[in-house]
There are 2 protein chains.
Amino acid sequence: MMLKTHSCGTLTKADVGQTVTLNGWVQRRRDLGGVLFIDLRDRTGIVQTVFNPDFSGAALETGDKARNEYVLAVRGKVVERDAETYNANLATGEIEIRVTEIEILNAAKTPPFPIEDGVEVDESIRLKHRYLDLRRPEMQRTMLLRSKASKVFRDFLDGEGFLDVETPILTKSTPEGARDYLVPSRVHAEEFFALPQSPQIFKQLLMVGGIERYYQIARCFRDEDLRADRQPEFTQVDIETSFLSQDQLLGMMEQLMARVFRETIGYEIPLPFQRITYAEAMDKYGSDKPDLRFDLEIKNITDIVANSEVKVFASVAASGGEVKALNAKGCASWSRKELDDLQPFAARYGGKGLAWITVKDGEWKGPIVKFLKPEEIEALTERLGVEDGDLLTFSADKPKVVADVLGNLRLKLGRDLGLIDESKFKFLWVVDFPLLEWDEDAKRYVAMHHPFTRPNEEDLELLATDPGKVRAQAYDIVLNGYEVGGGSMRIYKRDVQELMFKTLGFSMEQAHEQFGFLLDAFEYGTPPHGGIAFGLDRLIMLLTGRTNLRETIAFPKTASATDLMVDAPSTVELSQLEQLHIRTVAKPSAKPAAAGAGAPQA
Amino acid sequence: MMLKTHSCGTLTKADVGQTVTLNGWVQRRRDLGGVLFIDLRDRTGIVQTVFNPDFSGAALETGDKARNEYVLAVRGKVVERDAETYNANLATGEIEIRVTEIEILNAAKTPPFPIEDGVEVDESIRLKHRYLDLRRPEMQRTMLLRSKASKVFRDFLDGEGFLDVETPILTKSTPEGARDYLVPSRVHAEEFFALPQSPQIFKQLLMVGGIERYYQIARCFRDEDLRADRQPEFTQVDIETSFLSQDQLLGMMEQLMARVFRETIGYEIPLPFQRITYAEAMDKYGSDKPDLRFDLEIKNITDIVANSEVKVFASVAASGGEVKALNAKGCASWSRKELDDLQPFAARYGGKGLAWITVKDGEWKGPIVKFLKPEEIEALTERLGVEDGDLLTFSADKPKVVADVLGNLRLKLGRDLGLIDESKFKFLWVVDFPLLEWDEDAKRYVAMHHPFTRPNEEDLELLATDPGKVRAQAYDIVLNGYEVGGGSMRIYKRDVQELMFKTLGFSMEQAHEQFGFLLDAFEYGTPPHGGIAFGLDRLIMLLTGRTNLRETIAFPKTASATDLMVDAPSTVELSQLEQLHIRTVAKPSAKPAAAGAGAPQA
């Protein structure tokens, strides 16, 4: 077997004159008047090989048998092409290989889709034959970049004294374990392991264990309602530290992101990142993950219209709601249809409607204009920076609804009006998340992150008096409108933890029933600690300019949580279930068992 | 909160005069006539801090409240100790900290065992409180070394162009899936994912996908009969390459091992590794993972005793068995009891007995001596290098039994006679494993590794005629008598694969039923490929001089596959099982359900 001495895609004019051996796949073959051209592809790229009776001898005959995706070994000399046959589309376009020896290492059936980028192929076909899809240059680049990004994460964290510690995948179902995958076993009848939704508990225990700085690129699992942008298993870069302040940790993580972007795609992220509070993010952008590649701020006008003749404004203001406006610069020329479409748009996000005003030739037009007093128009003009050609949009409702409606309208306008510089990566920290949120069903406060999130020092006394106002030392890292990471400083003092549980409506006894060993552990000298986790899949998606998480994962699952290539999940032998001391129960609305998707062993 | 400016264990005389802030745990406190000494510990080590009314002010009073494992922040000046109080046992023993400020960051209950090395504590207590056990210097060193070793693996492989690719953990049950963990899910009633026993199939598909060089530090799972040295989840460094010969791959892996040992413990491994064939390993050392830190070869004497008056020798030789001997140098002085103990020892490994001869003052003694002819004694003297003081031991049986008995006797002698240099790391490759082994129950050949292992080129035609003789391009890497890795080159040609399946008694149709998509994938241009996997847990065990795999894992499971700290596996809510469309079935010999080990939610 002739084994490679060089890679296809890296040969240049500097190699002219060398005899090289290449291994790769046939990308394309052409026979031009008895001369055979085979483009050979490997991980690094494509090079043109030439078989000519003048120098190829018997190799020509063998080469002639090769078809697309055959695996070849060829040996030959690197020669410069005639200048007029330079191929500018190919990194190796100035040279070619004059083949003197060839070996067909393997034949190939015709693949179900061409191995090249930009071809429209149904995603399910690509996923079924992922091993062929992975051969496409785009997937190769993505896998390379993902590997590189992981490496940069590790290099940085290792350099900062973080230990890579593996935590269990077979672990215990958590109290909020509704989305836990459970795992029966042969040894333990009627008991189950659970796959971790994150290593949260273990990383905190590592801090109790004195590891001080921990990281892990960790697989996490969630058996949840299916959504297009979720995978049942996903990867997070999980980080926890002791003896660092939130500021120190966030500063370090900025350095980390800067290095990842620099070393993978050569992009320089300006430091430090902008930091805005959750309250400000919700107020100005209607989102806790605002896309700040463009401005377009939402303005609160509740004060201006509190006594307005516009009934809905006044009544919302009187009932503690909010009236907010977004000025769509230059959109006064929208068609009636476009304006009408604002209503279903608002409805999609829970709004009852969207009032609008167009400003053309100094004239304000729209259903509500006649109810506005001159001083209101004046105040709005100033607050919203109204100019000729603007379209003003208004939402009046509970704050959450207003934020959802105008936050999403803001994003739509950003895209539609071309306000977004797609070449830009805009990071920011959203800080001071609320510690608690009111659960209307349970009629009590619940932890917004988890019950170990540390409240802000200065809000501690509010825990007893006005829990909803307490801010947490919790933060998200947002990139171009996506949450790419988040975390918090943790409670490490018993008295604070007790107060927290009390606020959540638990006694310490009840808390112990739920969190047992973790609270035990915290009794033995817990250091101040906190951490963060980055969603690696999503970060790679953004780094590679993709919009689909599946494109960042070598062997992803579909939106319905199946692996089309290996056909998983699948039915299993009854004997396997017997050994695991379980049996299946038909779904109430179930299809007949035999109709399960691909059941080769059933 | 006073946050650390320095680490405890790294302060030296070079830091004298500096004011430092330290964070750590109280290792020990002593009050000597109003002067308080607190040894403060962090991940890096221990330093002595001093509280003296002369310079500590109010800090003395606060410091006095601290107890073992309290978490402190102290600030003070680094001063040199009086020379006579130097502590040679402490890296920081020449200095101490004169504390001027202190903050008790957290209190601690008295731990259930002292946080120091070398204390006898029941392992189950340590595992239950693993977060405390991890604070011990020995565990800290192990976690640090494990993290470092993983990093060196990655650095080396990244440097050689390997891509770190993550493969699924929720995948499909394999045909030999008896030991698969199965995972039900909410979405797919009556179907199951399986946790991978290794990423074998995916790494081969990555080669089909043109990744060329893949690695992953991968979690693997096996729900198997419990053994002390197995974990239900374990970690392997998984590697696969295309377009490399076995020699190239093995050479690269030797460089990898050399770098891991150099950069973790500063040990220089001589290269290249010794390579011996499976046949030679079994013949000379009675093991496919011989410990070659010492010689002590087993000798085949079947030819010498084929016609012996020693009936058992002659009859074993006549029936195709083997007679082999091990010369225990200098053991002629063994007591009668020691000699008698050889019989149960042999029995433990399936032997019917062990014949022995002592050689003292030129005289051969033992039950069989009277049956030996002079020419046999002469031949044995030469073959076994017999000298005065030797003890000769003999096993006659089927080759496998002889290997087990004498192989284990060899190891015992190596240990008992102090032949093993414990400071030495002796690597070797065992190559040319048999491709197939005869399955007495199934009355057919089965694959020794797996059905994709590539036969040696020169043995290909034996596949049809004498399959048991076919050697495979399969190899194990052995260190000090432990298998620390293994792999093979894979079949990539369809005709060879068909022949292999035929030899295993499958038609291609049956093979397709079992291996479906993998065989499909192989049709589309599979490159020559092969790989290896290292057992990381075991390698770390050997690197750190431990004898227990659990000591290398942050949160291990017991030999009965339970996590004593988090109490997993555990019973779960019935509603969880309902959502997963399963129910439990009591074990035939089951204890009552409520008596399951720790069932907090039941």
*Show the residue pairs that are 6+ apart or on different chains and have beta-carbon atoms under 7 Å apart, the first residue being within the stretch B:156-177 and at positive phi, the second being modelled with pLDDT of 95 or more.*
B:GLY161/B:ARG213
_Looking only at residues that are part of a strand (DSSP E or B) and surrounded by 18 or more Cβ atoms within 10 Å (Cβ to Cβ) in the stretch B:434-446, which one is modelled with the lowest pLDDT?_
B:TYR445
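Is it true that some residue in the stretch A:387-404 is among the aromatic types (Phe, Trp, Tyr) and either surrounded by fewer than 20 Cβ atoms within 10 Å (Cβ to Cβ) or closer than 30 Å to A:GLY505 by Cα (or both)? Even if it seems obvious, please write down each step before you answer.
First, the residues of the stretch A:387-404 that are among the aromatic types (Phe, Trp, Tyr): A:394.
Filter again for either surrounded by fewer than 20 Cβ atoms within 10 Å (Cβ to Cβ) or closer than 30 Å to A:GLY505 by Cα (or both), leaving none.
Within the stretch A:387-404 (the criterion being among the aromatic types (Phe, Trp, Tyr) and either surrounded by fewer than 20 Cβ atoms within 10 Å (Cβ to Cβ) or closer than 30 Å to A:GLY505 by Cα (or both)), the answer is no, since none of the residues qualifies.
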*Residue in the stretch A:104-120 that is within 14 Å of A:GLU551 (Cα to Cα), away from chain B (no Cβ under 14 Å), without any contact (Cβ under 8 Å) to a residue 12 or more places away in the chain and of a type in the set (D, E, K, R) present*: no
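For residues that are within 8 Å of chain B (Cβ to nearest Cβ) and surrounded by 15 or more Cβ atoms within 10 Å (Cβ to Cβ), tally how many sit in the stretch A:495-519. Break it down stepwise before answering.
Of the residues in the stretch A:495-519, the ones within 8 Å of chain B (Cβ to nearest Cβ) are A:513, A:516-517.
Filter once more, keeping what is surrounded by 15 or more Cβ atoms within 10 Å (Cβ to Cβ): A:516-517.
Selection size over the stretch A:495-519: 2.
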_Checklist (1) part of a loop (DSSP other than H, G, I, E, B); (2) out of contact with any strand residue (DSSP E or B) (no Cβ under 7 Å at 6 or more places or on another chain) applied to A:ASP388, failing item_ = (2)
*Within the stretch A:114-153, how many residues are crowded, with 22+ Cβ neighbours inside 10 Å, under 30 Å from A:GLU254 (Cβ atoms) and of a type in the set (Lys, Arg)?*
1
*For A:THR44, which of the numbered conditions (1) surrounded by 20 or more Cβ atoms within 10 Å (Cβ to Cβ); (2) of a type in the set (S, T, N, Q); (3) under 30 Å from B:LEU206 (Cβ atoms) fails to hold?*
(1)
_Which residue is farthest from the other protein chains (Cβ to nearest Cβ), if the candidates are limited to the stretch A:155-186 and must be outside any loop (DSSP other than H, G, I, E, B) and surrounded by 22 or more Cβ atoms within 10 Å (Cβ to Cβ)?_
A:LEU157
*May I ask you to verify whether A:PHE517 is free of Cβ contacts under 8 Å to residues at least 40 places away in the same chain, under 26 Å from B:ARG126 (Cβ atoms) and not polar (S, T, N, Q)?*
yes
*Only residues that are assigned to a loop (DSSP other than H, G, I, E, B), in contact (Cβ under 8 Å) with a residue 40 or more places away in the chain and not basic (Lys, Arg): list them for the stretch A:211-236, please.*
A:ILE211, A:GLU212, A:ASP223, A:GLU224, A:LEU226, A:ALA228, A:ASP229, A:GLN231, A:PRO232
*Considering the stretch A:523-575 alone, what residues qualify as being under 30 Å from A:TYR475 (Cβ atoms), over 23 Å from the mean Cα position of the chain (by Cα) and among the hydroxyl-bearing types (Ser, Thr, Tyr)?*
A:TYR524, A:THR526
*Scan the stretch B:22-38 and give yes if some residue there is β-branched (Val, Ile, Thr), within 19 Å of A:THR526 (Cβ to Cβ) and out of contact with any Phe, Trp or Tyr (no Cβ under 6 Å at 6 or more places or on another chain), otherwise no.*
yes
*Return only the number of the condition from (1) away from chain A (no Cβ under 11 Å); (2) in contact with a helix residue (DSSP H, G or I) (Cβ under 9 Å, 6 or more places away or on another chain); (3) surrounded by 22 or more Cβ atoms within 10 Å (Cβ to Cβ) that B:GLU101 does not satisfy.*
(3)
*Looking at the stretch A:553-576, which of the residues that are touching a Lys or Arg at 6+ places or on another chain (Cβ under 6 Å) and more than 7 Å from chain B (Cβ to nearest Cβ) is modelled with the lowest pLDDT?*
A:LEU564
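Return yes when B:ALA58 is more than 14 Å from chain A (Cβ to nearest Cβ) and either among the charged types (D, E, K, R) or farther than 16 Å from A:PHE243 by Cα (or both) and no when it is not. First the steps, then the outcome.
On the way: more than 14 Å from chain A (Cβ to nearest Cβ): yes; either among the charged types (D, E, K, R) or farther than 16 Å from A:PHE243 by Cα (or both): yes.
Considered against the rule, which asks whether it is more than 14 Å from chain A (Cβ to nearest Cβ) and either among the charged types (D, E, K, R) or farther than 16 Å from A:PHE243 by Cα (or both), B:ALA58 comes out as yes.
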*Does A:GLU120 qualify as being charged (D, E, K, R), in a helix (DSSP H, G or I) and at pLDDT below 95?*
no
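Can you go through A:LEU380, A:LEU428, A:LEU436, A:LEU411 and tell me which one is over 26 Å from A:ALA533 (Cα atoms) and not acidic (Asp, Glu)? Explain how you work it out, then say what you get.
Details: A:LEU428 fails: over 26 Å from A:ALA533 (Cα atoms); A:LEU436 fails: over 26 Å from A:ALA533 (Cα atoms); A:LEU411 fails: over 26 Å from A:ALA533 (Cα atoms).
On inspection, the qualifying residue turns out to be A:LEU380.
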*What single numbered condition from (1) within 23 Å of A:GLY545 (Cα to Cα); (2) touching a helix residue (DSSP H, G or I) at 6+ places or on another chain (Cβ under 7 Å); (3) polar (S, T, N, Q) fails to hold for A:GLN274?*
(2)
*Where A:GLN200 falls short, out of the listed (1) touching a strand residue (DSSP E or B) at 6+ places or on another chain (Cβ under 7 Å); (2) more than 8 Å from chain B (Cβ to nearest Cβ)*: (1)
*Being facing another protein chain (nearest Cβ under 10 Å), closer than 30 Å to B:ARG126 by Cα and among the β-branched types (Val, Ile, Thr) is the filter here, so list the residues in the stretch A:206-265 that pass it.*
A:VAL208, A:ILE211, A:ILE217
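Condition first: away from chain B (no Cβ under 14 Å) and either buried (at least 18 other Cβ atoms within 10 Å of the Cβ) or more than 41 Å from the chain's Cα centre (by Cα) (or both). Now tell me which residues in the stretch A:1-12 satisfy that.
Step one: list which residues in the stretch A:1-12 are away from chain B (no Cβ under 14 Å), which gives A:11-12.
If the condition is that a residue be away from chain B (no Cβ under 14 Å) and either buried (at least 18 other Cβ atoms within 10 Å of the Cβ) or more than 41 Å from the chain's Cα centre (by Cα) (or both), then A:LEU11 is the only one that fits.
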*Within the stretch B:520-552, considering residues that are without any contact (Cβ under 8 Å) to a residue 60 or more places away in the chain and facing chain A (nearest Cβ under 9 Å), the one farthest from B:GLN197 (Cα to Cα)*: B:GLU523
*asked:* Any residue that is in contact with a helix residue (DSSP H, G or I) (Cβ under 7 Å, 6 or more places away or on another chain) and of a type in the set (Gly, Ala, Ser) - is there at least one of those in the stretch B:39-52?
replied: yes
*Condition broken by A:GLU190, with the remaining ones in (1) closer than 21 Å to B:PRO556 by Cβ; (2) at the interface with chain B (Cβ under 7 Å from one of its Cβ atoms); (3) of a type in the set (Asp, Glu) satisfied*: (1)
_Of the conditions (1) within 19 Å of A:LYS493 (Cβ to Cβ); (2) more than 14 Å from chain A (Cβ to nearest Cβ); (3) not hydroxyl-bearing (Ser, Thr, Tyr), B:LYS65 satisfies every one except a single condition; which number is it?_
(2)
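The values are calculated or read from the model by the stated rules, or taken from the named source; none is laboratory data. Model, not experiment: these values are computed from the prediction. Every residue, glycine among them, receives a Cβ derived from its backbone with ideal geometry; neighbour counts consider all protein chains shown.
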